[in-house]
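Undergrad: Below: one structure in structure tokens.
The values are calculated or read from the model by the stated rules, or taken from the named source; none is laboratory data. Please read all numbers here as calculations on a predicted model, not as lab measurements. FYI the Cβ positions are ideal-geometry reconstructions off the backbone, even for glycines, and counts take in every protein chain you see.
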Amino acid sequence: MAKRTRDDVDRLFDHGVDIPGRVIYLTDEICDHSFEDFAKALSVLDRTPGEIEVVLNTPGGEVMAGMAIYDSIRRCDNHVRIVGTGSVMSMGAIILQAADERQMTERSYMLVHYGSGWAHGHMKDVEKQADWYKRLNIEMEDLLLEKIRKKHPDYDREQFKRQFAYDAYLSAQEALEMGLVDTVI
């Protein structure tokens, strides 16, 4: 095991990245700030060869910041394993799907649901925002359906809409059975 320096410990506690261990901790609400810290840490680790592990424990958060994290993971040159522990909620469930290897700990839970939003302004602006939310919902359905269909090829969008119309909490085992995680550890 690599010797840890005081700088390594500071980076771990200040920025959630263990450079010698090649681990990033994403354990807060998903927002622009968490994306910025995560993207920087991922960029540093992806510069050298070796597996990258992401420890994920999040209540979810902002859709666009979550999608930016998802895309950052997908762009990695290195193998990325995400270990969901505790809460893999909302955008956390989407982020988990970006990994080359998706794991959840035995007593962790995943929340899959349609996101919430708000709209204001002139009626035409509200309609435009509602259309945008519908597009986002379809995009996130597609991300999850791609993974589910690997295990359940006949699972269709209408089944998905019925099953996940409202908050659906899945145990790690249920997420495994759905195809939303590769292994339970």
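Undergrad: Output yes when any residue across region 101-116 is surrounded by 12 or more Cβ atoms within 10 Å (Cβ to Cβ), among the polar types (S, T, N, Q) and at pLDDT below 95, and no when none is.
TA: Within region 101-116 (the criterion being surrounded by 12 or more Cβ atoms within 10 Å (Cβ to Cβ), among the polar types (S, T, N, Q) and at pLDDT below 95), the answer is no, since none of the residues qualifies.
Undergrad: Can you find, within region 20-31, the residue that is nearest to M64 (Cα to Cα) among those that are without any contact (Cβ under 8 Å) to a residue 60 or more places away in the chain and β-branched (V, I, T)?
TA: Looking at the filtered set, the residue picked out is T27.
Undergrad: Identify, from the list D142, D154, D125, the residue that is assigned to a loop (DSSP other than H, G, I, E, B) and out of contact with any Asp or Glu (no Cβ under 8 Å at 6 or more places or on another chain).
TA: So the residue among D142, D154, D125 that is assigned to a loop (DSSP other than H, G, I, E, B) and out of contact with any Asp or Glu (no Cβ under 8 Å at 6 or more places or on another chain) is D154.
Undergrad: Further question: Inspect all residues belonging to region 78-88 and state whether any of them is of a type in the set (S, T, Y) and either out of contact with any Leu (no Cβ under 8 Å at 6 or more places or on another chain) or surrounded by fewer than 22 Cβ atoms within 10 Å (Cβ to Cβ) (or both).
TA: Looking through region 78-88, at least one residue is of a type in the set (S, T, Y) and either out of contact with any Leu (no Cβ under 8 Å at 6 or more places or on another chain) or surrounded by fewer than 22 Cβ atoms within 10 Å (Cβ to Cβ) (or both).
Undergrad: Go over the candidates G115, G179 one by one and state the one that is in contact (Cβ under 8 Å) with a residue 40 or more places away in the chain and under 30 Å from Y25 (Cβ atoms).
TA: G115
Undergrad: List the residue pairs whose Cβ atoms are under 6 Å apart, where the first residue sits in region 32-45 and is more than 17 Å from G21 (Cβ to Cβ) and part of a helix (DSSP H, G or I), the second is modelled with pLDDT of 95 or more and among the β-branched types (V, I, T), and the two are 6 or more positions apart or on different chains.
TA: Pairs that qualify, where the first residue is more than 17 Å from G21 (Cβ to Cβ) and part of a helix (DSSP H, G or I) and the partner is modelled with pLDDT of 95 or more and among the β-branched types (V, I, T), are F35/I69.
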